[in-house]
Amino acid sequence: MDLEPSNTAAELARVGIAWLNGLSEFGVAERSRLRAGHTDDYVGEDRRKLIGMPTAGRDELVEQIASYWDLGAGAPEFSMDEVLAVRGDHLVLFRFRIRYGPAYETSTLLLAGYTTDRRRCRAIQFDVEDLDVALAELDRLHGESH
């Protein structure tokens with residue numbers, strides 16, 4: 001039986017997803033906690049071909065996530081379906097899914113980077129069929145960090 005790769009980044013991503021899934025609302029306290037879990041210079045990129053979101057900083061990320069609750073149909077469900085690769089202790093690539101009721105579901109590859117103080121500093125989304133591109137970016141970022 002093959003085990004999924006794991007490192008600190010993978011565990012931090014799991015903890016963050018579990019926290020989001022435990023929320024019934026996303027108010028001021030939750031926004032503040034999410035901000036605190038990301039660096040001031042956090043960058044979120046969306047490299048998907050059809051469903052692209054603009055590059056976002058920390059505050060834009062918080063508002064994007066809050067918008068799921070603002071839709072009014074209840075809390076979304078987030079999942080880390082499979083860890084595909086890790087590099088060092090601070091980079092992880094995994095299949096990520098958001099389900100919002102029966103009408104909306106999206107799956108992506110999510111590359112996440114964390115700092116030594118356990119805050120997320122980067123996230124890049126790729127189409128699920130772009131695994132080779134995502135792995136190349138993971139390797140490039142890992143190479144830059146050494």
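Every number in this text was worked out from the coordinates using simple rules, so none of it is lab data. Keep in mind the model is a prediction, meaning the values are calculated, not measured. Reconstructed Cβ throughout: ideal geometry from the backbone, glycine too, with neighbour counts over all protein chains shown.
Okay, here's what the table says:
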quantity: Kirkwood Rh (inverse of mean 1/r, distinct Cα pairs), the stretch 56-133, angstrom; calculated: 13.8 Å
quantity: Relative contact order, percent, the stretch 23-66 [alpha-carbon distance under 8 Å, six or more residues apart]; calculated: 40 percent
quantity: C-alpha long axis of helix 58-70 to longest principal axis of the chain, angle in °; calculated: 50 degrees
quantity: Approximate spin-label separation D81-H146, in nm, with each point projected 7 Å along Cα-to-Cβ; calculated: 3.0 nm
quantity: At R0 = 22 Å, FRET efficiency that the Cβ-Cβ distance of R48 and W19 yields, to 0.05; calculated: 0.35
quantity: Spin-label pair Y104/T55, simplified geometry with 7 Å Cα→Cβ offset, distance in nm; calculated: 2.5 nm
quantity: Over the chain, relative contact order from alpha-carbon pairs under 8 Å, at least 6 apart, %; calculated: 26 percent
quantity: With Cα atoms, 0 to 90° folded angle of helix 131-144 axis to the chain main axis; calculated: 70 degrees
quantity: Intensity falloff of the stretch 8-144 expressed as log10 I(q)/I(0), Debye formula with alpha-carbon point scatterers, at q = 0.17 Å⁻¹; calculated: -0.93
quantity: Lys, Arg +1 and Asp, Glu -1 on Cβ, resulting dipole of the chain about Cα centre, debye, nearest 20; calculated: 280 debye
quantity: Label point distance in nm, V28-R95, each placed 7 Å from Cα along Cα→Cβ; calculated: 4.1 nm
quantity: In degrees, nearest ten, helix 8-21 long axis to first principal axis of the chain (Cα); calculated: 10 degrees
quantity: For the chain, with +1 on Lys and Arg beta carbons and -1 on Asp and Glu, the positive-most of G27, P102, L84 along the dipole; calculated: G27
quantity: C-alpha center-to-center spacing [the stretch 31-71, the stretch 91-146] in angstrom; calculated: 13 Å
quantity: Where trypsin sites (Lys or Arg not before Pro) in DSSP loops with at most 14 other Cβ within 10 Å are excluded, longest remaining stretch of the chain; calculated: 50-117
quantity: The chain: most fluctuating residue of D70, D59, D132 per GNM, C-alpha cutoff 10 Å; calculated: D132
